[in-house]
Structures are given as C-alpha cells and as structure tokens.
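See structure below.
The values are calculated or read from the model by the stated rules, or taken from the named source; none is laboratory data. Because the structure is predicted, anything quoted here is derived from the model rather than measured. Ideal geometry is used to build each Cβ from the backbone, glycine not excepted, and the neighbour counts take in all protein chains shown.
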Amino acid sequence: MNEKGDYMLIDILTIFPNMFTNIFDESIIKRAKEKNKVVINIHNFRDYSLDSHHKVDDVAYGGGAGMVLMPQPIFDCVLSLKKDYSKVILLTPSGIPYKQKMAYDLSKEKHLIIICGHYEGFDERIRKIVDLEISIGDYVLTGGEIPAMVLVDTITRLLPGVINEQSHLEDSFNDNLLDYPTYTKPRDFKGLKVPDILLSGDHKKIEEYRHKESLKKTKEIRPDLLEK
Ligand code: ADE
C-alpha cells in the first residue's frame, strides 16, 4: 500500500541492475505491475558514489580478502528514497532466515527499500540505516540480487487482488504443513491412477485425505516443521 494509492512500492538498490532485466515482466508479477498493485524500481547505487571514478567498494581496514561496500553510496541512495514509513531491508547470509510468515508481514508494508550486498560484505555502518536483515537460506550467493527477486516474488503474490486469496490459504507452510498432492486429467496416466477418493465428490472425506497426506509428507520431508 502507498500514500498515493493502494499499491506497494519496492525500491531495489544494486550495482548489477541488468540482472533484473525481464525478471519482473512475466507471469503473476507482470500482471501485478499492470494492475498497479506493485511498482518496482531498480537503482544503481554506483550512480550515488561521490568518488570521481564512481567507486563503491574498498579493501577492509585490518586486512582480509575481498572488497567491502562503502557506506556513502548506499546511505545517499537510501536517504533519497526513504519516507517515514519505509522499511529498509539488507540482504545478507547473516540475516534472519526468511520464512513465509515474514513474506506475509512484509506484504502489509507500503514501501520496501531492498539493499543487495555484494563482494565480501559491506561496511558495518550501513546497518545504521537498516530496519531488517534477511537471509534467504543457509548458503552463500554471489550477491543479494537473487534474494531480492525471491522477496519480490513471494511478497507480490500476497498483495490483495494479485492472486485468488484462497490460493494463499492453501500454500505450503501455512499451519507449518507442506502442501498435499494434487492431480488433474487424465484419471489414468500410463497406469498411474488418481486416488479414488478425489473422484468421490465427498468433500469432507477429501479434506480429511488431504490433511492426512500433508501430515505424512511433512513428517517425511520436514519433521522440523511439526516440532514447532
Ligand atoms: N547474499 C549472499 N547470500 C545470501 C543469502 N543466503 N541470503 C541473502 N543475501 C545473500
């Protein structure tokens, strides 16, 4: 949601803006943009560097491998975009693990500013302008661009009017359960049959069957979810 209307504004800060070419121009995000449910802007924070060569990084004080993002370009870019209701997010492997619940919470915001980290990391002082640090999983990517795409995708589909809200209720991870198996035509595919119960028309039995299958799958693949 935004002060100018009922859309969410997402500003993404990156030094690799070309990575975002076309990514938001397909499928559900494309439709959400066309319906003005979301506005996504990509900013190259190198453009904000006051250095004569538009430098954005330098070596670490105290030594260490790799380059570190300097605070100035990111500070100036964020401060030029920030409103009093903005939420500033930094993507880093040392952030809070991203979960569906966080996607729901963030889908209620009006304005997200997402900073994509890079190289060996960023100057610690960047944290001063950040509200939330997020990791999309326990692995290290080359930068925050793909995590930013993950955030935009997961959040945009939850915005009101983007997809049928019944679909979110049936998503995996609601109630800490994985999704139940689904089938479509044909009833018999190379001898693999659709379970009879799904053809029975008995909605109560179908619901019970689906819940049982969800539990079974979660126990097998993600027992950690059931412990919560
Ligand atoms: N940047 C590099 N790896 C990342 C991760 N797992 N999550 C968020 N940002 C990252």
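Key figures for this structure:
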| quantity | calculated |
| --- | --- |
| Yes/no for Leu177 being touching a helix residue (DSSP H, G or I) at 6+ places or on another chain (Cβ under 6 Å), farther than 30 Å from His118 by Cβ and outside the structural domain of Lys30 (by TED's automatic domain parsing) | yes |
| Residues of region 154-171 that turn out to be touching a residue at least 40 places away in the same chain (Cβ under 8 Å) and either outside the structural domain of Lys33 (by TED's automatic domain parsing) or away from the ligand (no atom under 14 Å from the Cβ) (or both), as a count | 10 |
| Residue match in region 110-118 (condition: more than 10 Å from the ligand (Cβ to nearest atom), surrounded by fewer than 17 Cβ atoms within 10 Å (Cβ to Cβ) and either at negative phi or not assigned by TED's automatic domain parsing to the domain that holds Leu69 (or both)) | yes |
| Out of Lys185, Lys204, sole residue that is assigned to a loop (DSSP other than H, G, I, E, B), away from the ligand (no atom under 16 Å from the Cβ) and assigned by TED's automatic domain parsing to the domain that holds Leu215 | Lys185 |
| Complete set of residues in region 63-109 that are within 15 Å of the ligand (Cβ to nearest atom) and hydroxyl-bearing (Ser, Thr, Tyr) | Thr92, Ser94, Tyr98 |
| Selection within region 119-130 - of a type outside the set (A, V, I, L, M, F, W, C) and within 13 Å of the ligand (Cβ to nearest atom) | Tyr119, Glu120, Gly121 |
| Scope region 124-152; condition of a type in the set (Gly, Ala, Ser) and crowded, with 16+ Cβ neighbours inside 10 Å; matching residues | Ser135, Gly143, Gly144, Ala148 |
| Residues being surrounded by 11 or more Cβ atoms within 10 Å (Cβ to Cβ) and either farther than 25 Å from Asn22 by Cα or at pLDDT below 95 (or both) - total across region 37-63 | 9 |
| Set Ile155, Ile197: member being at negative phi and surrounded by fewer than 16 Cβ atoms within 10 Å (Cβ to Cβ) | Ile197 |
